[in-house]
Amino acid sequence: MAALTKPLHRITTTPTYLTIALGLVLVGWQAVAGPLPEWVQWVVFAVLLFGAGIPHGALDHLIDQETATRQGRSFSITWFLAKYLLTMAVYGLAWFVFPALSLAIFLLISAWHFGETDIERVPDTPTWTITRFVAGGFVLAFILLTHRAEVTPILERITHNNQAAMFVWQRGVRYASSVWLYWGLLTGYLFVRAYRRRPVAIDWFRLVRLAVVLALSYWLPLLLAFGLYFGGWHALNSFQTIYGYLKQNQQKALTAGQIWLKSLPFTLLALVSLAAFGWWWQHYAQQWDPLPLLFVFLSLITLPHLNVMHGMNSRVE
């Protein structure tokens, strides 16, 4: 029973309680004053995205370097960037040729990435692997289906009204309540089964906080719901894991703030790239729908990021 000393969710000092406070303020504001102004939604979303969401992915090169050190192999920033960009290029080509299939791939890898982060430090067994994937899929499905009126036109634009993709989505929308219920029950069943096979200590408080974040997202517009989970929960918890991973073998341990500062170069690069895209679209391509392009860009940086994070998560203690 030694595994019981290894926490499923280590109780951390990550400020996810601030995320809950922010969510409560937004929900309260909406209840008292009506729908949140669009500028408020974009400001909050931008703070969450560029304060935590993008920076936690901008540390991938440091994570891969640490993983290489632990594996006893050399690390080259040039080779790392080449692999990163090549993965993005191949996936970008797939989006151009098979948009609906590429969307399905993006949803699947996102489900795994969310589940791996939310259920961390567990044995690498088939039961726990399936549990993580299903749990991440439940979170993703919950956010999407609780905002189906906003999601539907977005999917239509991204998939160019692909009949198969929209048929699946509309079926999910039609039976949304059943999807939530049975997917939730399946997640709970798999969790219990995985625990019985390989017991681990469970940080119930962390799971309760996740449930609160999802409950708050239910009452907020899609933009804020996604920002609250992705930036205010997923990215902050990822930062905590990254912080512990990077400082473990440092002679002089870096502070959390110093690690965040190390993310700034690639975060700024993302900002500059986004601004350049906006300028180019405004002057030369207004006839193109920008939303699918922005969504594709997000998926392109997610795929190589997932690979780096999986290499780290499989080695955290």
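The values are calculated or read from the model by the stated rules, or taken from the named source; none is laboratory data. Computed from a prediction, not measured in an experiment: that's the story for all the values here. With ideal geometry, Cβ positions are generated from the backbone for all residues, glycine too; neighbour counts draw on all protein chains shown. Only protein heavy atoms, including side chains, enter the accessible area calculation; ligands, DNA and RNA are left aside. Shrake-Rupley method; radii C 1.70, N 1.55, O 1.52, S 1.80 Å.
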Given (1) 180; (2) 160; (3) 151, the label whose value is volume of the Cα convex hull per residue in Å³ derived from this model
(3)
Out of PRO199, LEU145, PHE167 - ranked by how far each Cα lies towards the positive end of the dipole of the range 112-236, with unit charges on the beta-carbon of charged residues - the top one is PRO199
With the dipole of the chain worked out from charges on the C-beta (+1 for Lys and Arg, -1 for Asp and Glu) around the Cα centre, which of GLY311, PRO99, PHE45 lies farthest toward the positive end?
GLY311
Comparing VAL27, VAL212, VAL43, which has the greatest mean-square fluctuation in the GNM of the chain with Cα pairs linked when under 10 Å apart?
VAL43
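Add +1 for every Lys or Arg and -1 for every Asp or Glu among the other residues with Cβ under 15 Å from the Cβ of LEU269, and state the total. Don't skip to the end; give the middle numbers.
Details: positive: LYS262; negative: ASP60.
Result for the neighbourhood of LEU269: 0.
Taking a ≥ b ≥ c as the square roots of the eigenvalues of the Cα gyration tensor of the range 50-194, is the shape rounded (a/c under 1.5), prolate (a/b larger than b/c) or oblate?
Numbers: a/c = 2.39, a/b = 1.31, b/c = 1.83.
Oblate.
Of the chymotrypsin sites (Phe, Trp or Tyr not before Pro) in the range 194-281, which ones lie in a loop per DSSP and count no more than 10 other C-beta atoms within 10 Å?
Working: sites: TYR195, TRP204, PHE205, TYR218, TRP219, PHE226, TYR229, PHE230, TRP233, PHE239, TYR243, TYR245, TRP260, PHE266, PHE277, TRP279, TRP280, TRP281; in loops: TRP219.
The qualifying sites: there are none.
Taking the Cβ-Cβ separation of TRP180 and LEU86 as r and a Förster radius of 35 Å, what is the calculated FRET efficiency to the nearest 0.05?
Numbers: r = 38 Å, r/R0 = 1.10.
About 0.35, to the nearest 0.05.
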Just going by the charge dipole of the chain, with Lys and Arg at +1 and Asp and Glu at -1 on Cβ, which of THR302, LEU190, VAL90 is farthest out on the positive end?
LEU190
With each label point set 7 Å from Cα along the Cα-Cβ vector, what nm distance links LEU271 and PHE50?
0.5 nm
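Please work out the FRET efficiency for the pair SER74 and PHE167, using the Cβ-Cβ distance as r and a Förster radius of 45 Å; give the result to the nearest 0.05. All intermediate terms of the calculation are to be shown ahead of the outcome.
Details: r = 49 Å, r/R0 = 1.09.
It comes out at approximately 0.35.
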Roughly how many percent of the accessible protein surface of the chain is carbon and sulfur, given a 1.4 Å probe and a whole-percent answer?
70 percent
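Report, in debye and to the nearest 20, how large the dipole of the chain comes out about its Cα centre when Lys and Arg carry +1 and Asp and Glu carry -1 on their Cβ.
Working: 21 positive and 13 negative charges, 187 e Å.
About 900 debye.
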Can you compute the charge dipole magnitude of the range 10-130 about its Cα centre, using +1 on each Lys and Arg Cβ and -1 on each Asp and Glu Cβ, nothing else charged? Give it in debye, rounded to the nearest 20.
160 debye
Before rounding to the nearest 500, sum -39500 (n - 2.57) across all DSSP H runs of length at least 4 in the chain and divide by the residue total; then give [θ] at 222 nm in deg cm²/dmol.
-24500 deg cm²/dmol
Anyone know which of GLY227, GLY23, GLY257 comes out most mobile in the 10 Å Cα GNM of the chain?
GLY257
